[in-house]
Amino acid sequence: MRLVTRGDLDGLTCAVLITSCEDIDEIVPVHPQDITDKRLHITDDDIIANLPYQTGVGKWFDHHLLTQGNERPPEGFEGRYGLAPSAARMVYEYYAARRTDLQRYERLLAETDRLDSAQLTIDDVLQPKDYILLGYTLDPRTGLGDYQSYFRKMVGWLKTSGIEEVMRQPEVTDRVERIRAQDAAFRERTKACSRLDGNVVFTDFRNESPLPVGNRFLVYTLFPEANASLRVHWGPSREHVAAAVGHSIFNRTSRTNVGELMARYGGGGHRGAGTCLLEARNADAQIAEIIATMKKDG
Ligand SMILES: [Mn+2]
């Protein structure tokens, strides 16, 4: 069977659990847009995890809001769906009764829950370690080399080694060093490209080349008065502007349902975080709309 999953820590933990329980011969980390745009041929020999449902799939595990742009699973589909802190938690609940050996991944699972639902401390943002830090090294935007092969190797490492040993792998320490180096530059560019508009901090990276990369929660340490953020940068072709919206993880008062808001623009996500692609010609008007909505929601 083939496993199609998201290339983040949650997708990784799904892969660790699923490859422990199923005969998986290929792991394909993809972006959710690849599923929404039906870029993959999906059959009943596939498992999809931490990504939207696609008709014909064998098993499906997810925890994101079901939004209009995405297909709905039929009644009684194989797998598990729920508004859990992570998709990996859904995978675990599905297999745990039959597979008590999965308990060895309890800490990986708990930390995945914490990162994926952004239940983080300021230290997790400014001085991250073990599983949380590992999660940051998976971010494909960091431009730290072939992330697909890194992702597949990481599945193997987590199944055979403890976290301390995984974090000592040269490919991991190399990424950690580069992340730390990027962090200072990212902090500086985030400060320069952001402005506070009511309760919303808006970061515009459209004039930044190369695109600054770094911890997406850093902005909330810089703007503690904001309860939500909108960050934009150019999509791959300059026909689209990529927009990411989130609730502050330290000032948790935003009333916006971000997943629903993003769905109005063809994207999706959770109550607390989501993304969409805006057509370049409408982007400025839609950016203003998104900010206005979040200000009105308060
Ligand atoms: Mn997830």
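If you average the sequence gap of Cα pairs under 8 Å that are 6 or more apart and divide by the length of region 187-297, what percent do you get for the contact order?
Relative contact order, region 187-297: 22 percent.
In nm, give the distance between the simple-model label positions of Asp37 and Gln148, each being 7 Å from the Cα along the Cα-to-Cβ direction.
1.5 nm
Output wanted: per-residue J couplings in Hz (rounded whole) for region 234-249, from phi through Karplus 6.51 cos²θ - 1.76 cosθ + 1.60, θ = phi - 60°, x for Gly and Pro.
Taking θ as phi minus 60°, the curve returns 5, x, x, 10, 6, 8, 10, 10, 7, 10, 10, 10, x, 7, 4, 8 Hz for region 234-249.
To the nearest 0.05, what FRET efficiency results for Leu196 and Arg2 with a Förster distance of 45 Å applied to their C-beta separation?
0.50
For the chain, what does the helix formula give at 222 nm: sum of -39500 (n - 2.57) over DSSP H segments with n ≥ 4, over the residue count, nearest 500 deg cm²/dmol?
-12000 deg cm²/dmol
In Å³ and rounded to a whole number, note down the convex hull volume per residue for the Cα atoms of region 2-124.
Per-residue hull volume (Cα only) is 108 Å³.
Find the lysine pairs in the chain meeting two conditions, Cα atoms under 28 Å apart and a separation of 8 or more places or different chains, and report how many there are.
So the count works out to 9.
Counting only protein heavy atoms, what percent of the accessible surface of region 187-297 is carbon or sulfur at a 1.4 Å probe?
48 percent
Most mobile of Pro29, Pro224, Pro52 per a Gaussian network model of the chain (Cα springs, under 10 Å)?
Of the options given, Pro224 has the highest mean-square fluctuation.
Based on the mean of other Cβ atoms within 10 Å per residue, sort peptides 129-136, 20-27 so the most packed one is first.
129-136, 20-27
From Cα pairs below 8 angstrom and at least 6 apart in sequence, can you work out the relative contact order of the chain, rounded to a whole percent?
Here the relative contact order equals 13 percent.
Which residue fluctuates the most in the chain, going by a Gaussian network model with Cα springs under 10 Å, if the choices are Asp44, Asp124, Asp62?
The residue with the greatest mean-square fluctuation here is Asp44.
Which FRET efficiency value, to the nearest 0.05, is calculated for Thr121 and Gln68 with the Förster distance at 35 angstrom and r the Cβ-Cβ distance?
FRET efficiency, Thr121 to Gln68: 0.50.
Could you state the principal axis extents of the C-alpha atoms in the chain, from the largest down, to the nearest angstrom?
Reported extents, whole Å, longest axis first: 51, 44, 35.
Taking all protein chains as present, what is the carbon and sulfur share of the accessible area of region 2-124, in % to the nearest whole number, probe 1.4 Å?
Carbon plus sulfur share of accessible area: 46 percent.
Which ³J(HN,Hα) values in Hz, rounded to whole numbers, follow from the phi angles of region 15-26 under the Karplus curve 6.51 cos²θ - 1.76 cosθ + 1.60, where θ = phi - 60° and Gly and Pro get x?
Couplings: 5, 4, 5, 5, 5, 7, 10, 10, 8, 9, 9, 8 Hz.
Antiparallel versus total DSSP beta bridges in the chain: what percent is that, nearest 5?
So the antiparallel bridges in the chain amount to around 50 percent.
Mind running the shape call on region 52-197? Use the C-alpha gyration tensor, a ≥ b ≥ c as the square roots of the eigenvalues: rounded below 1.5 for a/c, prolate if a/b tops b/c, oblate otherwise.
oblate
Per residue, how many Å² of accessible area does the chain show with a 1.4 Å probe?
46 Å²
For Cα pairs less than 8 Å apart in space and 6+ apart in sequence, what is the mean separation divided by the residue count of region 2-124, i.e. the relative contact order in percent?
Over region 2-124, the number comes to 24 percent.
Calculate one ³J(HN,Hα) per residue across region 115-129 by plugging θ = phi - 60° into the Karplus curve 6.51 cos²θ - 1.76 cosθ + 1.60, and present them in order as whole Hz with x for glycine and proline.
Result, rounded to whole Hz: 5, 6, 9, 6, 8, 10, 9, 4, 4, 4, 8, 8, 9, x, 9.
Let me know the shape class of region 187-297, please: from the alpha-carbon gyration tensor, a ≥ b ≥ c as square roots of the eigenvalues, rounded when a/c is under 1.5, otherwise prolate if a/b is greater than b/c, or oblate.
Note, shape of region 187-297 comes out oblate.
So for the pair Glu75, Glu260, with labels modelled 7 Å out along Cα→Cβ, what separation do we get in nm?
2.6 nm
Return the distance in nm (one decimal) between the two label points of a simple spin-label model at Thr55 and Ala185, each offset 7 Å from Cα along Cα→Cβ.
For the pair Thr55/Ala185, the computed spacing is 4.6 nm.
So how far, in whole Å, is the C-alpha centre of region 172-227 from the one of region 75-110?
Centre-to-centre (Cα) distance: 33 Å.
The values are calculated or read from the model by the stated rules, or taken from the named source; none is laboratory data. Keep in mind it's a predicted model, so treat the numbers as computed, not measured. Note: ideal-geometry Cβ built from the backbone for every residue, glycine included; neighbour counts use all protein chains shown. Only protein heavy atoms, including side chains, enter the accessible area calculation; ligands, DNA and RNA are left aside. Shrake-Rupley method; radii C 1.70, N 1.55, O 1.52, S 1.80 Å.
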